[in-house]
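Quick notes on the structure that follows.
The values are calculated or read from the model by the stated rules, or taken from the named source; none is laboratory data. In this text the structure is predicted, and so the values were computed from the model without any measurement. Quick reminder, even Gly has a Cβ in these numbers, built from the backbone with ideal geometry, and neighbours come from all protein chains shown.
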Amino acid sequence: MVKNCYIHIPFCSKICSYCDFCKLYYDEKFVDKYLNELEKEIKTTYKGEVLDTIYIGGGTPSSLSIKELTKLFEILKIFNKSETIEFTIESNFENITEDKLLLYKKYGINRLSFGLESINKKNLSFLNRDINKNKISNIINTCRELGFNNINVDLMYALPVEDISILKKDLEYTFSLDVEHISTYSLMIEDHTMLKINGITSISEDLDYEMYKLICKEMKKYNYDHYEISNFSKTGYYSRHNLCYWNNNNYYGFGLGASSYIGNKRITNTRSINKYLSGEYILEDTKLTTKDLIEYKIMLNLRKAEGISLDEIDLDVDDLIKDGLLIRYNHHIRIPEDKWYISNEIIIRVLEDYNG
């Protein structure tokens, strides 16, 4: 049963230097056509299930006008929503307005996710972002006045122009916003981004690790639960939508470049706007074997503090436990928090043990 849904809005008013997501510059003439095609795709695929989460991401959904956002929300009325649905939309501080927030409220959005990234001018220039603390604080205050009580901000670190002192100030300011959820991302230099094209290289692994340790320490000090490798939350405010991914649950993905996981299939949509607008939505449709399904579950579940249940998968990991790389508890295994930085290496060893 599919209970989760992702909607991709690819338009951006500005392209960030690090972004490798499926995106294109906002162009009014494309938006209406895109929303029409999005509606067709949803009507073709959605089977009427009651959804527990809907997540509108991008791109920058808040780059759309009031009229375009209204059209989007009217399209999404097709979904049957649970009474306790988590309904999230991503926004940028640069183009959110009180009118857009009021529209979000009208259509049932109850979780907001903002790309903060940094408040440092050098960092922002490097990322091709333009925002200031006063505007951010004012927007968060407006959100609170309008009754939004579940807000996430994204924070980026490990930039080549950054040092520990800059990260400390970013963290101090982020904590001052008193939001319910914080997602942190170490900068990755991805192919086909402005950073990669300009020959930018990553910081040293040692400095990256020092920054990660600082983040974990400060989050704990401010009572944020470290419930997934890169995510921190006040009690009761875990991202239910993202947990559907980490729990390896099924989900719909609609829009340009979106992915779906339904039954034993992983489906990836085209990243070509021309193909999408002509109704050619799907790029890949892959049927998964039982082995594939178990490997995905291991990789995703071990990202969480909760780890993976041994009732679901029989794993022989005694050597990893002896080495202190895994902890066994209540018939679960999990990676200890002080080893999360090397989680990829640990997960590879678990997969090697599983595959025998």
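Does Ser82 satisfy being closer than 30 Å to Leu159 by Cβ, of a type outside the set (D, E, K, R) and either modelled with pLDDT of 95 or more or over 19 Å from the mean Cα position of the chain (by Cα) (or both)? No; evaluated as a whole, the condition is false for this residue.
Filtering region 1-36 to residues that are buried (at least 21 other Cβ atoms within 10 Å of the Cβ), modelled with pLDDT of 80 or more and of a type in the set (Ser, Thr, Tyr) leaves Tyr6, Tyr34.
Taking the criterion of being surrounded by fewer than 20 Cβ atoms within 10 Å (Cβ to Cβ), within 22 Å of the chain's Cα centre (by Cα) and assigned to a loop (DSSP other than H, G, I, E, B), the residues of region 116-142 that qualify are Ile119, Asn128, Asp130, Ile131. Taking the criterion of being β-branched (Val, Ile, Thr) and either assigned to a loop (DSSP other than H, G, I, E, B) or under 28 Å from the mean Cα position of the chain (by Cα) (or both), the residues of region 315-334 that qualify are Val317, Ile327, Ile333. Within region 248-263, residues that are in a strand (DSSP E or B) sit with their Cβ atoms under 7 Å from residues that are of a type in the set (D, E, K, R), at 6+ positions apart or across chains, in these pairs: Phe254/Glu41; Ser259/Arg266.
Glu39 falls short on exactly one of the conditions (1) without any contact (Cβ under 8 Å) to a residue 24 or more places away in the chain; (2) surrounded by 15 or more Cβ atoms within 10 Å (Cβ to Cβ), and that condition is (1).
Return only the number of the condition from (1) under 17 Å from Asn247 (Cα atoms); (2) within 24 Å of the chain's Cα centre (by Cα); (3) not in a loop (DSSP other than H, G, I, E, B) that Lys291 does not satisfy. Lys291 satisfies all of (1) under 17 Å from Asn247 (Cα atoms); (2) within 24 Å of the chain's Cα centre (by Cα); (3) not in a loop (DSSP other than H, G, I, E, B) except (2).
Scanning region 93-134 for residues that are among the basic types (Lys, Arg) and under 16 Å from Thr60 (Cβ atoms) turns up Lys100, Arg129. The residues in region 45-84 that are in a helix (DSSP H, G or I) and touching a residue at least 60 places away in the same chain (Cβ under 8 Å) can be counted, and the count is 3.
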